[in-house]
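Reviewing the structure listed below.
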Amino acid sequence: MFCIGVWKKSFKRVFSLTLTGIICLLCVSMPVSAESEGNNNIVVGVPKDRCPIFYCDEETDEIVGIGVDLMREAADEAGYNVTFETVKEESLKDALDNEEYDVIMPLGSAFSSTSGKASVVSDNLFQTPFTLVTLENYELKELNELHVGMLSSLAGGAETVRQLYPDIEITFFETMNEAVKSLRSRNVDALLHNSYVWSYILQKPSYTNLVIHPTAMFSMDFRAGTLDTPEGREIIERLNDGIEAISDTERQAIILDYTSRQLYQFNLSDYLFRYGPLMIICVLLVILISFRFTLNSRTRHFEHVVKMRKLMDYDPLTEILNINGFRKRVEELLRENPDKSYVLSYNNIKNFKYINDSYGMDAGDELLRFWAECAGKNLTELDAVARIEADHFAMLRYVDDVAKLQDDTQRVIDEVSDYFGDRDNKIRVQLSAGIYVLTGDDHRNINVDRMLDCARLAEKRLQESHKEGCEFYNPEQWKTGKMIADVSGHLFEAIENGEIQVWYQPQVDYENNKVDGAEALCRWNHSKLGWISPGNFIPALEEVGLIYDLDCFVWETVCKDLHKWKEQGRIQSVSVNLSRADIMHDADIPELFRDLINKYELNPSQIHVEITETAYVDNPNLLLSMTQKFREYGFSVEMDDFGSGYSSLNMLKEVQVDRIKLDLHFLTETGDQNKGRIIIRYMVQMAQDLGMSLIAEGVENKEQAEHLQSCGCHEMQGYYFYKPMPSQDFENILTM
């Protein structure tokens, strides 16, 4: 039957074309009116998102599908030339009001347009069963109790659903993805669409857990429609004639043709969903292979670099650094540790040639390896050891503990000296070492060869004296280095244990014979070295950059004492020193002082900040701004050591200070005393004319005090009155 139907259809089309051709030949000279031609052309508006009923062919970009082919058959039978356009409106109700379309599809039945105009529909082209899709293993409720999801473009069909099932709840979605997401979230019980569309949609891999409910809810007619006008009714009547001419066999052939195709086209997300795990495994495998290849390549490269570096920087016999590697390592250590003390030694085995002759070259090589092993036992990451040449070795050692360094050095000497002690022909290995103590300039201008030359020169002097052991190139620097090591390595422990104390030297008003202030000074009773002079530990701390930490301790201790005295009813003022190292370390020192007086509830006038005149010379701009800020915060600023430098008068012109501290030490030993007194008299007068107060320090006898009094300087400080004293002794003076 199907073949016969198709044959009849083909014969009819051939006959129609032939008849049309004959008519055209007979009527070639007869004009066709525009109105007559326009009546045979109709525009059909259809949605294109309902594959396989309506969709856009990717190759031809034309709208195709079951509905298109059936309408084309009906229009052809009715004598229409049909053009299909995609409806731009949100729903078919809206599309009915658009005059661009002659006919709208698909309509299940006649309904009013959005503007309220009546419509007329054609006969049924074919039945479209509407079915529900649910999640797997989901038990549906009664149909009238369901909450279903539909696409908003099916709003016309929703009216039919509500007529059949009045209590059903419907939620509309713009896209199928939104609808499926809602279904999976259990916001709706099922999704409703026609079964032909479901046959296409469910080909999507990620929808494999969706199933079509076996029972159709209803079947909807598939009709064409237009507004109920004379023109509209004429189009529908002609289309009905065409629809009637389509046989059931032709309908089924068209439907079967589209529903049997694999129309769904996979996109990237579909491929990822279906083949994602396999793709991930493949990608990981590729990454693993690439990583393995890269790792092997880098490993080989690293091994090559290590091998080349060993050849360039390491001694093959002892496996310690050679001279080239030693230079690099020393430069690296000194740059990374500019504040640490170091010594460099040049070591030599004096009787190495005799050892080689007596025991052989192999024994000599064993001795060199043993020496390298012993020397490297106690080295840290801050040290370096190298074989320079033959039996000559070099070491760079960090001096953090002088006693430990000496013990390590002696241990190496003892072990290496007795290396051949178990041989029949005992030979004592004779060692000599020249030691060079690095200075601050060595850290700033690193020249490893010059340091080695200095150490070698000291070792050579030792050999020429036919002695063993060690010889220093710069013994005075060694003493300084020992002091730096003892002081810098013990500072914070000393502060915590109370070894460092703040002492006070009273300042007196000579005219009233009354103590009116004090200068805070620092004293250190070292746990191993005993009392250390400030002239020793202060330069040592400045050398390693720790003087700021000491001064911070002094400033806070002074504030604690002032607070304690204030609680006892004694408002006292104290002068504290501010060094140029402090200023270079922290440009916000005025804020630090302000925080301290707030913390200890003091008045800024109780703190007098003494800044040395040389500090102004080093960085005048910084000091000018800092002095101004101190005075703005209410602190008194004093210029310390006035008269001991070379720019005092210039500084008095540039810098605003509250008090000048006159240094009398230049009068104590040499020079013309009469001239000195004249200088003092005019200095006092100058300070008074500049509106600054004056205090003289270093007053050692009554004659000096009387002369200062006669010149108009009444505030004094010095051993003639009081020496620096502990806090408790100063408190006792205040109570007198």
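The values are calculated or read from the model by the stated rules, or taken from the named source; none is laboratory data. From a predicted model like this one, the values you see are computed outputs, not experimental measurements. Reconstructed Cβ throughout: ideal geometry from the backbone, glycine too, with neighbour counts over all protein chains shown.
A few comments on the model shown:
- Segment 64-90, subset farther than 15 Å from Phe54 by Cβ and assigned to a loop (DSSP other than H, G, I, E, B), residue nearest to the chain's Cα centre (by Cα): Glu90
- Total residues in segment 591-624 satisfying the condition of being at pLDDT below 85 and not charged (D, E, K, R): the figure is 11.
- Ser247 of a type outside the set (A, V, I, L, M, F, W, C), modelled with pLDDT under 85 and in the same structural domain as Gln127 (by TED's automatic domain parsing): no
- Matching option when the condition is at pLDDT below 75 and touching a Pro at 6+ places or on another chain (Cβ under 9 Å), among Leu311, Leu263, Leu268: Leu263
- Subset tally (residues that are surrounded by fewer than 19 Cβ atoms within 10 Å (Cβ to Cβ) and hydroxyl-bearing (Ser, Thr, Tyr)) for segment 69-90: 2
- Here Pro539 meets the list (1) out of contact with any helix residue (DSSP H, G or I) (no Cβ under 6 Å at 6 or more places or on another chain); (2) farther than 24 Å from Gly718 by Cβ almost entirely, failing just condition (2).
- In segment 160-186, residue modelled with the lowest pLDDT [restricted to those that are closer than 20 Å to Leu210 by Cα and either in contact with a Leu (Cβ under 6 Å, 6 or more places away or on another chain) or of a type in the set (A, V, I, L, M, F, W, C) (or both)]: Met176
- Test result for Asp658, under 30 Å from Asn598 (Cβ atoms) and either at pLDDT 80 or above or under 54 Å from the mean Cα position of the chain (by Cα) (or both): yes
- Exclusive hit being among the basic types (Lys, Arg) and within 16 Å of Tyr346 (Cα to Cα), set Arg387, Arg444: Arg387
- Residues that are among the hydroxyl-bearing types (Ser, Thr, Tyr) and in a strand (DSSP E or B), drawn from segment 125-151: Thr128, Thr131, Thr134
- Residue list for segment 304-339, restricted to those being assigned to a helix (DSSP H, G or I), of a type in the set (A, V, I, L, M) and surrounded by 15 or more Cβ atoms within 10 Å (Cβ to Cβ): Ile323, Val330, Leu333, Leu334
- Search result, residues across segment 114-159 that are surrounded by fewer than 18 Cβ atoms within 10 Å (Cβ to Cβ), within 16 Å of Pro214 (Cα to Cα) and of a type outside the set (Phe, Trp, Tyr): Pro129, Leu135, Glu136, Asn137, Glu139, Leu140, Lys141, Glu142
- Residue among Ile547, Ile589, Ile532 that is under 39 Å from the mean Cα position of the chain (by Cα), under 30 Å from Phe721 (Cα atoms) and surrounded by 15 or more Cβ atoms within 10 Å (Cβ to Cβ): Ile547
- Where Ala494 falls short, out of the listed (1) among the small types (Gly, Ala, Ser); (2) at pLDDT 80 or above; (3) out of contact with any Ser or Thr (no Cβ under 9 Å at 6 or more places or on another chain): (3)
- Some residue of segment 398-418 being within 53 Å of the chain's Cα centre (by Cα), closer than 20 Å to Tyr473 by Cα and modelled with pLDDT of 85 or more: yes
- Within segment 661-678, considering residues that are at pLDDT below 80 and among the charged types (D, E, K, R), the one farthest from Ile611 (Cα to Cα): Asp672
- Among the residues listed as Leu662, Leu694, the single one being more than 14 Å from Gln505 (Cα to Cα), in the same structural domain as Ser605 (by TED's automatic domain parsing) and in contact with a helix residue (DSSP H, G or I) (Cβ under 6 Å, 6 or more places away or on another chain): Leu694
- Residues that are over 30 Å from Arg397 (Cβ atoms) and of a type outside the set (D, E, K, R), drawn from segment 343-358: Ser358
- Matching residues in segment 124-135 - criterion: being within 20 Å of Met176 (Cα to Cα) and either modelled with pLDDT of 85 or more or among the small types (Gly, Ala, Ser) (or both): Thr131, Leu132, Val133, Thr134, Leu135
- Qualifying positions in segment 723-736 - in a loop (DSSP other than H, G, I, E, B) and modelled with pLDDT of 90 or more: Lys723, Pro724, Pro726
- Residue match in segment 340-349 (condition: farther than 18 Å from Cys470 by Cα, assigned by TED's automatic domain parsing to the domain that holds Leu396 and either without any contact (Cβ under 8 Å) to a residue 12 or more places away in the chain or not in a strand (DSSP E or B) (or both)): yes
- Positions within segment 206-255 being touching a Pro at 6+ places or on another chain (Cβ under 7 Å) and of a type outside the set (A, V, I, L, M), in sequence order: Ser219, Phe222, Arg223
- Hits in segment 499-529 (condition: loosely packed, with under 15 Cβ neighbours inside 10 Å, in a strand (DSSP E or B) and of a type in the set (Asp, Glu)): Asp509, Asp516
- Qualifying residue in segment 278-301 (condition: among the charged types (D, E, K, R), under 23 Å from Asp408 (Cβ atoms) and either loosely packed, with under 14 Cβ neighbours inside 10 Å or out of contact with any strand residue (DSSP E or B) (no Cβ under 8 Å at 6 or more places or on another chain) (or both)): no
- Only one of the numbered conditions (1) closer than 30 Å to Ile53 by Cα; (2) in contact with a strand residue (DSSP E or B) (Cβ under 8 Å, 6 or more places away or on another chain); (3) among the small types (Gly, Ala, Ser); (4) modelled with pLDDT of 85 or more is not met by Ser219, and that is (4).
Yes/no matrix, rows are residues, columns are (1) under 27 Å from Ile168 (Cα atoms); (2) touching a Pro at 6+ places or on another chain (Cβ under 7 Å); (3) at pLDDT 90 or above:
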residue: Arg72; (1), (2), (3): no, no, yes
residue: Gly79; (1), (2), (3): no, no, yes
residue: Glu89; (1), (2), (3): yes, no, no
residue: Glu99; (1), (2), (3): no, no, yes
residue: Ser119; (1), (2), (3): yes, no, yes
residue: Ser122; (1), (2), (3): no, no, yes
residue: Leu146; (1), (2), (3): yes, no, no
residue: Ser152; (1), (2), (3): yes, no, no
